[in-house]
Amino acid sequence: MIGLPVTAVCAAAPPHVQIFDTTLRDGEQSPGCTMSVVEKLEVARQLAVLGVDVIEAGFPAASPGDASAVRAIAEEIGETSGPVICGLARATDADVATCIAAIAPATRSRVHVFLATSSIHIAHKLRCTPAELIERARSAVAHARSVVSDVEFSPEDATRSDPEFLLDVLAAVIESGATTLNIPDTVGYATPGEYEALIARVCALAARTPGVVVSTHCHDDLGLAVANSLAGVQAGARQVECTINGIGERAGNASLEEVVMALHTRTDHFGIATRIDTRELMRTSRVVSACTGAYVAPNKAIVGANAFAHEAGIHQDGMLKHASTYEIMSPEAVGADGSTLVLGKHSGRHALRKRLSAMGYDLSEERFLEAFARFKTLADRKKVVNERDLAVLATGAHEHAPSGWILQQLQVTCGTHLIPTATVQLCDPDGATRVASCTGNGPVDASCRAIDAVVGDIGELQGFSVRNVSEGLEALGEVTVRVKDFHSARVFVGHGAHTDVVTASAEAYVDAVNSLLYTRDSHRSPAKLTAEGAGQPLHSARQAVEMS
């Protein structure tokens, strides 16, 4: 990347790179990553702790539920000292009005208007003339600016747009009051050199109007999202749009943790950093993973399980002599604990709580006691409980929704000449015990059918994933399921962790059912809702689970 003179940076640009987090909007558009209002609020709270400058809370016009979630975040997180709360809107009066209403409770708010500018989109999607497009962009920005003082404009598919036409559109929206110009590489097509050159031209345009900031928004279809974002910073952009763990449409967005740590680690090269509390990166990654059910690969930069792991003898020898031989940043800098605390069945509550606290988990007493009970059960099966086991126990321990079901006992029989059969004992929301038995295509299917027989077949199992958290025959297995509500068509995520994968599957299924029932009607207990679902024919995809 070729550096540009300071004069190329936009006039009145901030002295740091602003981090615009779109995990709750673009990130949630990642297949299977839909979050409930409760989960969105949990993520938003952690983003505020992380110190992001802007939270794009959602796309209010997309659905009434999304509008409610954006408003809830604006009410709770949108304090004077907190992040700017942003909502996305198409370039229409209806979208802009809906967005303004949703973000209204926030002290500092932003409307983010987008409109495609590439010839491909104009011809096949918008079907309008260039002049009509410019007028539409101008009108939408002016509408937003008449109510709020902070308006961002994004020319969708900017990197495949005619550069001269793109600059004409941007000049028009600046005249209408846009304060941030975001340049999306919507389909991840650009290379770093191309993107840097484009951002440099936009910065030169923006520099004519004091206070206008240029932003990057890069997708990872070619694996270049972070590189392109950093190239944009080199060219003078002072806002980067990104997501936690890099989640997002298709191959995802630029990864927030990678962009932030590149700027922090290589300040000698970039000459500018962010205001992010990097020690919260690992914790934020875990929160997003738990709420979306989308886990990062072990070799993921910054937050992956192997990011600070060393196995090769040469590497270990170098690390023992001096950590900087193979680590360009310390684990503590991103919230990871480089030390090892051995925990086993003889460890007590104090040791476990201290270790969890060091890992960034500050659990309530109820959640801690649940985690401790699961820890003791696991420690009886394993000689050593390692950090990855503990991370699963901590994220899997959660407060059940009011009047939630509890899996008390599971018994399964299966084999080459046996019909898979499961018997479950559940504690209902009123404290009564209920028992049911069912057969299925396999032990997991039989277990879930037995649970359905008790609570009612209220949803369809659409996703099932299992991973071993640690190594060996005694490894802790973590199961994530996604259940689609028959009534609302919303998808709910459930988690379970156990050395027995079938038990973990049953725990995850009950977890998802509790979230579904509680969200479906918070004024009625799952016990009452059971009557509506009991006896219905089964509609599930669990046969595929057994065959996978």
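Looking across the stretch 238-258, just one residue is assigned to a helix (DSSP H, G or I), in contact with a strand residue (DSSP E or B) (Cβ under 6 Å, 6 or more places away or on another chain) and either without any contact (Cβ under 8 Å) to a residue 60 or more places away in the chain or surrounded by fewer than 22 Cβ atoms within 10 Å (Cβ to Cβ) (or both), and that is GLY246.
Of everything listed in (1) touching a strand residue (DSSP E or B) at 6+ places or on another chain (Cβ under 8 Å); (2) closer than 30 Å to VAL491 by Cα; (3) surrounded by fewer than 18 Cβ atoms within 10 Å (Cβ to Cβ); (4) assigned by TED's automatic domain parsing to the domain that holds TYR189, the single unmet condition for ARG275 is (2).
For the stretch 51-74, the count of residues that are among the acidic types (Asp, Glu), under 28 Å from PHE492 (Cα atoms) and in contact with a Lys or Arg (Cβ under 8 Å, 6 or more places away or on another chain) is at least one.
Based on what the data block shows, is ASP168 in the same structural domain as GLU56 (by TED's automatic domain parsing) and either under 29 Å from the mean Cα position of the chain (by Cα) or within 22 Å of ARG275 (Cβ to Cβ) (or both)?
No; evaluated as a whole, the condition is false for this residue.
So, restricting to strands (runs of 3 or more DSSP E) that lie completely within the stretch 401-515, which ones have at least 3 residues that are modelled with pLDDT of 90 or more? Working first, answer last.
Values: elements: 406-415, 418-427, 433-439, 459-468, 477-485, 491-498.
In the stretch 401-515, the matching strands (runs of 3 or more DSSP E) lie at 406-415, 418-427, 433-439.
From the list LEU263, LEU281, the lone residue that is over 14 Å from the mean Cα position of the chain (by Cα) and either surrounded by 24 or more Cβ atoms within 10 Å (Cβ to Cβ) or in a helix (DSSP H, G or I) (or both) is LEU263. Applying the criterion of being in contact with a Ser or Thr (Cβ under 7 Å, 6 or more places away or on another chain) and among the charged types (D, E, K, R) to the residues of the stretch 236-292, the residue that is nearest to GLY51 (Cα to Cα) is GLU257. The numbered conditions (1) part of a loop (DSSP other than H, G, I, E, B); (2) at pLDDT below 95; (3) in contact with a Lys or Arg (Cβ under 9 Å, 6 or more places away or on another chain) are all true for CYS291 except (1).
Return the residue satisfying two criteria in turn: it lies in the stretch 51-64 and is surrounded by fewer than 24 Cβ atoms within 10 Å (Cβ to Cβ) and touching a residue at least 60 places away in the same chain (Cβ under 8 Å), and of such residues it is farthest from ARG279 (Cα to Cα).
Going residue by residue through the stretch 51-64, those that are surrounded by fewer than 24 Cβ atoms within 10 Å (Cβ to Cβ) are 51, 53, 61-64.
Adding the requirement that they be touching a residue at least 60 places away in the same chain (Cβ under 8 Å) leaves 51, 53.
On the way: GLY51: 11, ASP53: 16 Å.
This residue is ASP53.
Among the residues that make up the stretch 527-539, is at least one of them under 11 Å from GLU460 (Cα atoms), modelled with pLDDT under 80 and not basic (Lys, Arg)?
Residues of the stretch 527-539 under 11 Å from GLU460 (Cα atoms): 538-539.
Next cut, modelled with pLDDT under 80 only: 538-539.
Now drop any that are not not basic (Lys, Arg), which leaves 538-539.
Within the stretch 527-539, one or more residues are under 11 Å from GLU460 (Cα atoms), modelled with pLDDT under 80 and not basic (Lys, Arg).
More than 24 Å from the chain's Cα centre (by Cα), in a helix (DSSP H, G or I) and buried (at least 22 other Cβ atoms within 10 Å of the Cβ): is that true of ALA137 in this structure? Quick ask: steps written out before the conclusion?
Details: more than 24 Å from the chain's Cα centre (by Cα): yes; in a helix (DSSP H, G or I): yes; buried (at least 22 other Cβ atoms within 10 Å of the Cβ): yes.
For ALA137, the condition - more than 24 Å from the chain's Cα centre (by Cα), in a helix (DSSP H, G or I) and buried (at least 22 other Cβ atoms within 10 Å of the Cβ) - is met.
Please work out which residue is surrounded by the most Cβ atoms within 10 Å (Cβ to Cβ), limiting yourself to the stretch 1-33 and to residues that are closer than 30 Å to LYS484 by Cα and modelled with pLDDT under 85. Filtering first and then ranking leaves GLY32.
Looking at SER347, is it over 31 Å from the mean Cα position of the chain (by Cα) and modelled with pLDDT under 90? Write out each step before concluding.
Values: over 31 Å from the mean Cα position of the chain (by Cα): yes; modelled with pLDDT under 90: yes.
The answer is yes for SER347.
Only one of the listed residues (VAL70, VAL43, VAL96) is in a helix (DSSP H, G or I), at pLDDT 95 or above and over 27 Å from VAL260 (Cα atoms). That residue is VAL96. Would you say SER447 is among the polar types (S, T, N, Q) and buried (at least 18 other Cβ atoms within 10 Å of the Cβ)? Considered against the rule, which asks whether it is among the polar types (S, T, N, Q) and buried (at least 18 other Cβ atoms within 10 Å of the Cβ), SER447 comes out as yes.
Given the options ALA72, ALA97, ALA48, name the one that is surrounded by fewer than 23 Cβ atoms within 10 Å (Cβ to Cβ) and touching a Gly at 6+ places or on another chain (Cβ under 9 Å). Walk me through how you get there before you give the answer.
On the way: ALA72 fails: touching a Gly at 6+ places or on another chain (Cβ under 9 Å); ALA97 fails: touching a Gly at 6+ places or on another chain (Cβ under 9 Å).
The unique qualifying residue is ALA48.
What pairs come up if the first residue lies in the stretch 199-211 and is assigned by TED's automatic domain parsing to the domain that holds ALA172 and of a type outside the set (Asp, Glu), the second is modelled with pLDDT under 95 and in a helix (DSSP H, G or I), and their beta carbons are under 8 Å apart, counting only those six or more places apart or on different chains? If the second residue must be modelled with pLDDT under 95 and in a helix (DSSP H, G or I), the pairs left are ALA200/ALA8; CYS203/ALA8; ALA204/ALA8; ALA207/THR7; ALA207/ALA8. Only one of the listed residues (ALA197, ALA207, ALA235, ALA178) is within 25 Å of ALA273 (Cβ to Cβ), out of contact with any Pro (no Cβ under 6 Å at 6 or more places or on another chain) and surrounded by 20 or more Cβ atoms within 10 Å (Cβ to Cβ). That residue is ALA235.
Quick check: anything in the stretch 244-261 within 29 Å of HIS143 (Cβ to Cβ) and not polar (S, T, N, Q)? Yes; the residues of the stretch 244-261 include at least one that is within 29 Å of HIS143 (Cβ to Cβ) and not polar (S, T, N, Q). The residue of the stretch 99-124 that is nearest to the chain's Cα centre (by Cα), among those that are polar (S, T, N, Q) and not in a helix (DSSP H, G or I), is SER109.
The values are calculated or read from the model by the stated rules, or taken from the named source; none is laboratory data. If you're wondering where the values come from, they're calculated on a predicted model, not measured in any experiment. Cβ atoms come from the backbone with ideal geometry, glycine included; neighbour counts cover every protein chain shown.
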